[in-house]
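A quick write-up on the structure given underneath.
The values are calculated or read from the model by the stated rules, or taken from the named source; none is laboratory data. Here the structure is a predicted model, which means the values were calculated and not measured. Cβ atoms come from the backbone with ideal geometry, glycine included; neighbour counts cover every protein chain shown. The area values use the complete protein model at the heavy-atom level, side chains included, leaving out ligands, DNA and RNA. Shrake-Rupley method; radii C 1.70, N 1.55, O 1.52, S 1.80 Å.
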Amino acid sequence: MNDTAPGYGLSDEENELAGLVRTFTDEVIAPISYQADRDHALPLDVVARMGELGLFGLPFPEEAGGQGGSYLTFCLAVEAIARVDQSLAITLEAAVGLGAMPLFRFGTAEQKARWLPDLLSGRALAGFGLTEPEAGSDAGATRTTAVLDGDEWVINGTKQFITNSGTDITSFVAVSAVTARVTDASGKPRAEISTIIVPSGTPGFTVEPAYDKVGWRASDTHPLTFDNVRVPAANLLGQRGKGFTNFLSTLDEGRIAVAALATGAAEGCLEESVTYAKQRVVFGVPIAEHQFIAFTIARMRSRVHTSRLAWHDAARRRDAGVPFAEQAAIAKLVASDAAMLNARDATQIFGGYGFMNESVVGRHYRDSKILEIGEGTNEVQLMIIARSLGLG
């Protein structure tokens with residue numbers, strides 16, 4: 001269904017990249033997706049091939065070891081993969097947005113020299129340890145602490161739902177932690193939150209067993225425990241006390257990429273439904289000839305189109321260096337709703353077969369729910385949009 005692929009308004013280079021990744025996805029990722037999902041295992045050989053394509057370095061400048069592409073170009077790749085496999089799409093999105101991007105933006109020259117080359121080539125992955133049992137949408141409620149003892153940080157606490165944190169090629173997790181208690185301008189006490197790099201294998205840093213998830217089952221996700229973990233003071237990522245502020249800027253970008261992922265999922269459901277509706281014969285005719293089925297698929301198509309327009313707008317604003325937080329929230333809200341609705345409609349069109357895990361739409365049905373939760377719940381997106389209107 002090439003007519004549904006992004007194309008209008010893109011440069012020749014952007015269209016070429018999108019086509020390349022779509023072909024790679026169909027030929028390399030699609031054949032292994034079901035087994036990877038069934039095994040709850042991230043296929044690192046495919047991750048390596050994604051690295052060889054340059055996907056992990058797409059939005060980074062060439063002088064940093066990247067491909068010199070735009071953020072929109074990176075999101076085109078995420079969308080193309082998500083049509084078939086959301087687990088690998090979120091692996092790429094998190095590796096870039098939560099792993100490499102904070103290091104590129106806030107890291108020291110020494111930190112970048114040590115870790116960035118492998119991250120941008122896909123030879124290594126990194127995670128961002130933000131979420132805790134009592135700190136998700138309210139990241140300011142962070143309980144993990146980091147105390148400076150001489151020339152070392154001593155870290156204690158727990159994190160949960162951390163992507164790319166326990167693979168064989170995970171090089172580090174950047175951990176948000178309370179480094180002091182301070183008083184703000186109004187006299188109220190608050191936590192000073194900083195970000196610290198904890199390399200994999202550091203004594204006291206335990207990657208707990210992977211979650212048994214409803215969806216994104218081939219994505220690597222773990223709870224983490226820090227028990228008197230000691231790392232050099234030089235592992236501070238960015239300025240002390242700026243960890244929460246820096247993460248918020250990272251999160252705004254991530255919402256665009258998650259919107260692109262959700263658009264890809266919605267498109268994957270659309271593509272599968274069109275093909276199936278033309279082939280499935282009931283009462284002597286293809287079900288596509290029944291108006292209800294045709295109209296259902298037409299609504300699916302409109303959701304894909306609207307979602308793509310939304311995230312393209314947010315990505316272009318980001319690339320132009322103008323404010324984009326509201327547009328990122330809108331894109332994430334619209335696209336995640338589209339993914340969930342399209343997955344529901346596609347599963348209904350497929351009937352019993354859509355309820356089987358080996359079907360793409362069945363996996364999208366399980367996978368898409370998290371899109372309304374991760375990278376800021378949809379309720380948080382509504383809050384952001386309302387505040388941009390002077391409400392709430």
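Observations
- Test set (1) in contact with a helix residue (DSSP H, G or I) (Cβ under 9 Å, 6 or more places away or on another chain); (2) surrounded by 15 or more Cβ atoms within 10 Å (Cβ to Cβ) - Arg114 fails condition number: (1)
- Whichever residue in region 242-291 is more than 15 Å from the chain's Cα centre (by Cα) and basic (Lys, Arg) and, among such residues, is farthest from Val21 (Cα to Cα): Lys242
- Subset tally (residues that are open to solvent by less than 10 Å² (accessible area, probe 1.4 Å) and either part of a loop (DSSP other than H, G, I, E, B) or closer than 30 Å to Arg49 by Cβ (or both)) for region 142-152: 2
- Test: Ala41 is out of contact with any strand residue (DSSP E or B) (no Cβ under 9 Å at 6 or more places or on another chain) and small (Gly, Ala, Ser): yes
- The numbered conditions (1) surrounded by fewer than 18 Cβ atoms within 10 Å (Cβ to Cβ); (2) touching a residue at least 40 places away in the same chain (Cβ under 8 Å) are all true for Phe56 except (1).
- Of all residues in region 153-208, those that are open to solvent by 10 Å² or more (accessible area, probe 1.4 Å), at pLDDT 95 or above and part of a loop (DSSP other than H, G, I, E, B) total 10.
- Enumerated helices (runs of 4 or more DSSP H) restricted to region 60-127, each holding at least 3 residues that are in contact (Cβ under 8 Å) with a residue 12 or more places away in the chain and over 21 Å from Leu20 (Cβ atoms): 101-106, 109-121
- Once region 364-377 is narrowed to residues that are in contact with a helix residue (DSSP H, G or I) (Cβ under 6 Å, 6 or more places away or on another chain) and part of a helix (DSSP H, G or I), the residue that is most open to solvent (accessible area, probe 1.4 Å) is Tyr365.
- Among (1) open to solvent by less than 30 Å² (accessible area, probe 1.4 Å); (2) part of a helix (DSSP H, G or I); (3) modelled with pLDDT under 95, the one test that Ser249 misses: (1)
- Some residue of region 218-234 being open to solvent by 30 Å² or more (accessible area, probe 1.4 Å), touching a helix residue (DSSP H, G or I) at 6+ places or on another chain (Cβ under 8 Å), more than 30 Å from Tyr34 (Cβ to Cβ) and touching a residue at least 60 places away in the same chain (Cβ under 8 Å): yes
- Looking only at region 67-82, residues that are open to solvent by less than 10 Å² (accessible area, probe 1.4 Å) and of a type outside the set (Phe, Trp, Tyr) come to 9 in all.
- Test: residue in region 106-117 that is closer than 21 Å to Trp311 by Cβ and among the basic types (Lys, Arg): no
- Region 346-358, residues that are touching a residue at least 24 places away in the same chain (Cβ under 8 Å), open to solvent by less than 30 Å² (accessible area, probe 1.4 Å) and not aromatic (Phe, Trp, Tyr): Ala346, Ile349
- Entry remark, region 209-246: residues being assigned to a helix (DSSP H, G or I) and polar (S, T, N, Q) number 3 in total.
- Matching residues, region 291-332, being open to solvent by 30 Å² or more (accessible area, probe 1.4 Å) and closer than 22 Å to Ala386 by Cβ: Thr306, Leu309, Asp313, Arg317, Arg318, Val322, Pro323, Phe324, Ala325, Glu326, Gln327, Ile330
- Some residue of region 228-241 being among the charged types (D, E, K, R) and within 21 Å of the chain's Cα centre (by Cα): no
- Among the residues of region 140-162, those identified as farther than 12 Å from Gly243 by Cβ, of a type in the set (Val, Ile, Thr) and touching a residue at least 40 places away in the same chain (Cβ under 8 Å) are Val154, Ile155, Thr158, Ile162.
- Test result for Ala260, closer than 30 Å to Val96 by Cβ, open to solvent by less than 70 Å² (accessible area, probe 1.4 Å), modelled with pLDDT of 95 or more and not aromatic (Phe, Trp, Tyr): yes
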